[in-house]
Amino acid sequence: MAQSTESTRLDALRQLDLLDTTPHRGFDRITRLAAQIFGLPMALISLTDADRQWFKSRIEVIAESVPRQGAPCADVVETSSIIVVEDLLESNAYRRGAYARTGIRFYAGAPLVTPQGHCLGSLCVLGNEPRTASDDELQALTDLAEIVMAQVEMLHAVGRVDAISGMPNRNQFLDDLTDMALDEPGGTRMAVLVEIASSLEMDQAARVMGTRYFDEVVQAAAATIQAIIGPHRPLYHVGSTHFAFMAPSGVEKTSYAALLRSRTQNQHRTLRSGFLLSPRIGVSEFQLGDIEPREVLRTAHAAAQGARLAGDTVSFYSRKEDQSDARRYWILNAFKSAIAEDQLHLVYQPRVDLWSGECKGTEALVRWTHPESGAISPAEFVPIIESTGDIRSLTEWVVDASLAQMAAWQRQEVFVRLSINISPSNLEDTEFLPMLEQRLREHRISSDQIELEITEGAVMREGGNGLDKLGAISSMGLTLAIDDFGTGYSSLSYLQKLPVDVVKIDRSFLLNLTTDEKALTLVRAMITLCHDLGYRVVAEGIEDKATTDLLVRAGCDEGQGYYFGRPMLPDAFRAWLQDREKALL
Ligand code: C2E
Ligand code: MG
Ligand code: MG
């Protein structure tokens, strides 16, 4: 058989996913029937791989596979025709083959041929005595071989079609891409992946509306996307909320993206039930044959995630962004089990009055230790999960754990004010304040012992809404601090309207304080300004005595930083506090 034909045959065989699956009961019925028709003890369905015969179903045959060499099945495949060997021991070709060695004398095998004409293997019957085969018997064997192939095709189709949308699935997409690479190696193509909604949206919708609604949404989305790309372009349902298709070859990248964007926006609508879907599209351009089909799908998926993170509809895959996206994506997923699996804990960093040296409070800072990857910094993961619903659970966990800690300290006669960092989305969340009030009640902590830290950027982003929320926080008796002050772009007139008590000057302003006169001037001006507006000023990230002295002279009220104390575990913090109090006596 020519090499190229043999390799297409092997591709066809592998694409049917038959080799690495277990024998199938449906096939056993056929082999049993074949054995009965011939009145023989053995029958088998064998598939001919590059160098072995694999048995998909066997009656009374011992091994799972035999070497291809010297097996008559291999010749059935080679010639694509029925072969009868009345006595293997009389045949020069098969006398020393694997079958003859196990005492088999008679062989009859019919080819298993796909509709495309590839012969994958054979259906054969075997006997321990030499015998002949009648025309009727051979016709029956040929018919049964066709039934085997019909069953193979059917099983294959079942694994290729999505049950909900009826569209070809991920396996089919990967196979079609493999074929495309064979037909047109080196050709440039674009794979497009559509994520019909974020997993958060789908979760919420399924929770409220039930899973049937979920199916309806998926079916409606399939129809909509098919309408967008036209009826003749195959659409694949590659994941529960993901569809994929290939862009027509030769289209220009940017104009195609623009077309997709505008067509999607036209279709973008609120579904019957009022849930808004936010489809995102990822486009991955690649050279056929250069990249594994799975990788094509992954890169298109990464691009869709990129679109979601960037708040855009369509995004192209970029190898450069991929690594950081992959990390973001990993963090988003890994964080899902962080709380339930107890991977979080809190550390406490003191805040010190620069004039008296007294500890004025402590800031709870979250720590995440992943079982395999170890410590992941909040500076990395908090901004990532802030874009998802998980930030709500994180804040709730931090509030609960830090208030429980405070209550435990109070039982040990340790009294200290607590600062908790909250995120912009907590301000948008209507359940946040009621949750906070409830937790304060549960842990019997008075609200005037608690300060909430909100970054300057967050306050600015919230605009008028933020102002209302901050007002509500302040009227609950909690104090408010602006964190990382100086890194956002606040207008001073706006800051002045905020019900804020404390401003924490960002660490970056302290970096060159001892060497750069201008840096000192700037910090002095910030302190004066904040005092004029009535705020207490805290300097973040003080690492040495020289910086502390300058800040004292500049009139700064409080300081926080490694110079006074690093973030510490609760017991270490308590010991630190007791030492400090002793030293001040
Ligand atoms: P932040 O609230 O401004 O916290 C101060 C950060 O500076 C902390 O980093 C702290 O460990 C670090 N730091 C304190 N003193 C020094 C110093 O002298 N030198 C230097 N180089 N660094 C110092 P951390 O703990 O890695 O937290 C980073 C950020 O993550 C925090 O900045 C805060 O924005 C966020 N974060 C931490 N915990 C939480 C939390 O529970 N909830 C929320 N929403 N955000 C949190
Ligand atoms: Mg903070
Ligand atoms: Mg800060």
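For segment 516-528, the condition of being within 15 Å of ligand 3 (Cβ to nearest atom), in contact (Cβ under 8 Å) with a residue 40 or more places away in the chain and under 44 Å from the mean Cα position of the chain (by Cα) holds for at least one residue. Cβ-Cβ contacts under 7 Å between residues 6 or more apart (or on different chains), taken from a first residue in segment 498-510 that is more than 12 Å from ligand 3 (Cβ to nearest atom) to a second residue that is of a type in the set (S, T, N, Q), are listed as Pro499/Ser474; Asp501/Thr479. Check whether at least one residue in segment 360-374 is aliphatic (A, V, I, L, M), within 16 Å of Gln449 (Cα to Cα) and within 16 Å of ligand 3 (Cβ to nearest atom), and report yes or no. The answer is yes; a qualifying residue exists.
The single condition from (1) in contact with a His (Cβ under 8 Å, 6 or more places away or on another chain); (2) within 16 Å of ligand 2 (Cβ to nearest atom) that Asp506 fails is (1).
Checked against the criterion of being surrounded by fewer than 17 Cβ atoms within 10 Å (Cβ to Cβ), outside any loop (DSSP other than H, G, I, E, B) and in contact (Cβ under 8 Å) with a residue 60 or more places away in the chain, the candidates Ala404, Ala408 yield just one match: Ala408. Asp501 meets the conditions (1) of a type in the set (Asp, Glu); (2) more than 16 Å from ligand 2 (Cβ to nearest atom); (3) modelled with pLDDT under 95 in every case but one. The failed one is (2). Yes or no: Val347 within 16 Å of ligand 3 (Cβ to nearest atom), part of a strand (DSSP E or B) and in contact with a Gly (Cβ under 8 Å, 6 or more places away or on another chain)? When the stated conditions are applied, Val347 does not pass them. Taking the listed residues Tyr535, Tyr563, the one that is at pLDDT below 95 and more than 15 Å from ligand 2 (Cβ to nearest atom) is Tyr535, with no other qualifying. Checked against (1) touching a strand residue (DSSP E or B) at 6+ places or on another chain (Cβ under 6 Å); (2) away from ligand 2 (no atom under 13 Å from the Cβ), Arg392 passes all but condition (1). If you take the residues of segment 364-395 that are within 11 Å of ligand 1 (Cβ to nearest atom) and of a type in the set (Asp, Glu), which of them is modelled with the highest pLDDT? The qualifying residue modelled with the highest pLDDT is Glu380. As a summary of the residue check, Ser356 satisfies the conditions (1) assigned to a loop (DSSP other than H, G, I, E, B); (2) of a type in the set (S, T, N, Q); (3) within 21 Å of the chain's Cα centre (by Cα) except for the one numbered (3). For segment 444-459, state whether one or more residues are away from ligand 3 (no atom under 16 Å from the Cβ), assigned to a helix (DSSP H, G or I), at pLDDT 85 or above and out of contact with any helix residue (DSSP H, G or I) (no Cβ under 6 Å at 6 or more places or on another chain). For segment 444-459, residues away from ligand 3 (no atom under 16 Å from the Cβ), assigned to a helix (DSSP H, G or I), at pLDDT 85 or above and out of contact with any helix residue (DSSP H, G or I) (no Cβ under 6 Å at 6 or more places or on another chain): present. Scanning segment 295-316 for residues that are at pLDDT 90 or above and under 16 Å from the mean Cα position of the chain (by Cα) gives Glu295, Val296, Leu297, Arg298, Thr299, Ala300, His301, Ala303, Ala304. Here Thr178, Thr211, Thr241 are screened, and the one residue that is under 30 Å from Thr5 (Cβ atoms) and β-branched (Val, Ile, Thr) is Thr178. One residue stands out in segment 518-560 among those that are in contact with a Cys (Cβ under 6 Å, 6 or more places away or on another chain) and part of a strand (DSSP E or B): the one that is surrounded by the fewest Cβ atoms within 10 Å (Cβ to Cβ), namely Val537. Since Pro248 meets every condition but one in (1) farther than 30 Å from Glu184 by Cα; (2) without any contact (Cβ under 8 Å) to a residue 24 or more places away in the chain; (3) over 21 Å from the mean Cα position of the chain (by Cα), which condition does it not meet? For Pro248, the exception is condition (1). Screening segment 185-266 for strands (runs of 3 or more DSSP E) wholly inside it with 3 or more residues that are farther than 17 Å from Arg308 by Cβ and either among the polar types (S, T, N, Q) or in the same structural domain as Gly282 (by TED's automatic domain parsing) (or both) returns the ranges 188-195. Of all the criteria given as (1) part of a loop (DSSP other than H, G, I, E, B); (2) touching a Phe, Trp or Tyr at 6+ places or on another chain (Cβ under 7 Å), the one not satisfied by Ala340 is (2). Identify all residues within segment 535-546 that are more than 17 Å from Leu452 (Cα to Cα), of a type outside the set (D, E, K, R) and within 16 Å of ligand 3 (Cβ to nearest atom); write none if there are none. Passing the criteria: Gly541, Ile542. Of the residues making up segment 498-513, those that are more than 10 Å from ligand 1 (Cβ to nearest atom) and not polar (S, T, N, Q) are Leu498, Pro499, Val500, Asp501, Val502, Val503, Ile505, Phe509, Leu513. Only residues that are surrounded by fewer than 18 Cβ atoms within 10 Å (Cβ to Cβ) and within 15 Å of His301 (Cβ to Cβ): list them for segment 194-248, please. Passing the criteria: Ser199, Gly239, Ser240.
Residues in segment 267-294 that are modelled with pLDDT of 75 or more and assigned to a loop (DSSP other than H, G, I, E, B): Ser278, Pro279, Leu288, Gly289, Asp290, Ile291, Glu292.
Of everything in segment 355-375 that is in contact with a strand residue (DSSP E or B) (Cβ under 7 Å, 6 or more places away or on another chain) and farther than 30 Å from Arg553 by Cβ, the residue that is nearest to ligand 2 (Cβ to nearest atom) is Ala364.
Residue-wise test of (1) modelled with pLDDT of 90 or more; (2) within 24 Å of Tyr317 (Cα to Cα).
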{"site": "Leu177", "(1), (2)": "yes, yes"}
{"site": "Asp183", "(1), (2)": "no, no"}
{"site": "Ala191", "(1), (2)": "yes, yes"}
{"site": "Ser198", "(1), (2)": "no, yes"}
{"site": "Val208", "(1), (2)": "no, no"}
{"site": "Thr211", "(1), (2)": "no, no"}
{"site": "Ile228", "(1), (2)": "no, yes"}
{"site": "Phe245", "(1), (2)": "yes, yes"}
{"site": "Glu252", "(1), (2)": "yes, yes"}
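The values are calculated or read from the model by the stated rules, or taken from the named source; none is laboratory data. Computed from a predicted structure; not experimentally measured. Positions of Cβ are backbone-derived with ideal geometry, glycine not excepted, and every protein chain shown enters the neighbour counts.
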